[in-house]
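Inspection log for the structure reproduced underneath, given as structure tokens.
Bear in mind that the values in this text are calculations on the coordinates, not laboratory data. Keep in mind it's a predicted model, so treat the numbers as computed, not measured. Please note: Cβ atoms are built from the backbone with ideal geometry, for glycine as well, and neighbour counts cover all protein chains shown.
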Amino acid sequence: MFIFIRLLLGHLIGDFPLQFNKIYNLKHRGLIGIIPHALIVMSCFILLTLPYLNLPGLWGFIFFLSITHLFQDSIKIGYKGIRYRLLFYLLDQVSHVGLVSLVFVTNIKNIKPIQKAGLIWSLYNNDLLAIYIIAIIIATYNGYFMMRNLKNNLLGRGHIYSGFEKWYGMFERAILVSIFLLDKYIFLFISGVLILRPIIFILGRKRFMLNQEFISGSETLLSWLIGIVTGLFLCFVKHRIS
């Protein structure tokens, strides 16, 4: 599980926070444009498994993940339909995680935490910290794309998020996930987050050019559902490994 967590984290960092707009737009130029993105993902795999790069099997698996990521994205970009975009997005992410999970049928599945003293190695060996970052990325970046596709495909209406709406939603879900690391007063903090959205709407409506969609039931429900479900998963994992 140790090496799987680091490889999964590497995939998520490369596929979400480090997939900048320029990289995303470049991908739509075809296979040659997807290569930089695949190299970024590969670099994340390498950085997250740096202490074990002396193992030939690990290099082979990283190369395998990077090549399959390249071709999976080329297939996804080639599909232009909107009707099933949510389904394609979910299948794409599930297949990426599934390929990372193939590490369990390799010899490198038994890699153990590195036995070195120091803060850096303590942080690197901390499974809960790595899983927390995974949960944050899933709730924030992945949550943003899921909400866009849900609105387009299931609710029958699209919504173009402003920069403020996008980042506030991600901030809101990150806070919800983080609350589940607390042992006490969880519901008190959740209540505080609940009233924050309407307060911001009232005080910053003109400044941030917010419309009613910002406080709509569907927007709030989707954002909270993703944040709380991810937080509950994190809470479950926390108690399993503590």
Mind checking the dipole of the range 126-242: about its Cα centre, +1 per Lys or Arg Cβ, -1 per Asp or Glu Cβ, Debye to the nearest 20? 240
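If you place +1 on the Cβ of every Lys and Arg and -1 on the Cβ of every Asp and Glu, how big does the dipole about the Cα centre of the range 1-116 come out, in debye to the nearest 20? Could you put the intermediate results ahead of the total?
Numbers: 11 positive and 3 negative charges, 32 e Å.
My answer is approximately 160 debye.
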In degrees rounded to 10, the 0-90 angle between helix 143-153 Cα long axis and the longest Cα principal axis of the chain is 60
Please order Met1, Met147 by the number of other Cβ within 10 Å, starting at the fewest. Met1, Met147
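Would you mind getting the Kirkwood hydrodynamic radius of the range 1-116 from its Cα pairs, rounded to one decimal in Å?
With all distinct Cα pairs of the range 1-116 included, I get 14.8 Å.
What pairs in Lys151/Lys206; Lys116/Lys184; Lys22/Lys206; Lys22/Lys76; Lys76/Lys238 have C-alpha atoms more than 22 Å from each other?
Working: Lys151/Lys206 24 Å; Lys116/Lys184 33 Å; Lys22/Lys206 30 Å; Lys22/Lys76 18 Å; Lys76/Lys238 34 Å.
Pairs exceeding the cut-off: Lys151/Lys206; Lys116/Lys184; Lys22/Lys206; Lys76/Lys238.
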Just going by the charge dipole of the chain, with Lys and Arg at +1 and Asp and Glu at -1 on Cβ, which of Ala174, Ile215, Leu48 is farthest out on the positive end? Ile215
Residue-span extension gain [Ser216 to Leu26] - 0.36 nm each, minus C-alpha spacing: 65.0 nm
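With +1 on each Lys and Arg Cβ and -1 on each Asp and Glu Cβ, how big is the dipole of the chain about its Cα centre, in debye rounded to the nearest 20? Intermediate values should be presented prior to the final figure.
Numbers: 23 positive and 9 negative charges, 78 e Å.
So the dipole magnitude of the chain works out to roughly 380 debye.
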Measure out, as a whole number of angstrom, how far apart the alpha-carbon centroids of the range 171-219 and the range 123-150 sit. 18
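Using Cβ counts within 10 Å as a stand-in for footprinting exposure, how do Thr68, Thr49, Thr140 rank, fewest first?
If I rank by nearby Cβ atoms, fewest first, I get Thr68, Thr49, Thr140.
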How large is log10 of I(q)/I(0) for the range 86-242 at q = 0.09 Å⁻¹ when the intensity is taken from the Debye formula with one equal scatterer per alpha-carbon? -0.39
Please give the helix 85-101 orientation as an angle from the longest Cα principal axis of the chain, in degrees from 0 to 90, rounded to the nearest 10. 30
With springs only between Cα atoms under 10 Å apart, run a GNM on the chain and tell me which of Asn125, Asn54, Asn152 wobbles the most. Asn54
Enter the angle in degrees (range 0 to 90, nearest 10) between the Cα long axis of helix 2-15 and the first principal axis of the Cα atoms of the chain, meaning the one along which they spread out most. 50
Given Cβ charges of +1 for Lys and Arg and -1 for Asp and Glu, the option among Leu58, Tyr89, Gly231 whose Cα lies farthest towards the positive end of the dipole of the chain is Tyr89
Computed [θ] at 222 nm, helices only, for the chain once each DSSP H run of length n ≥ 4 contributes -39500 (n - 2.57): -23000 deg cm²/dmol
Looking only at trypsin sites (Lys or Arg not before Pro) in DSSP loops with at most 10 other Cβ atoms within 10 Å, what is the longest site-free stretch of the chain? 84-156
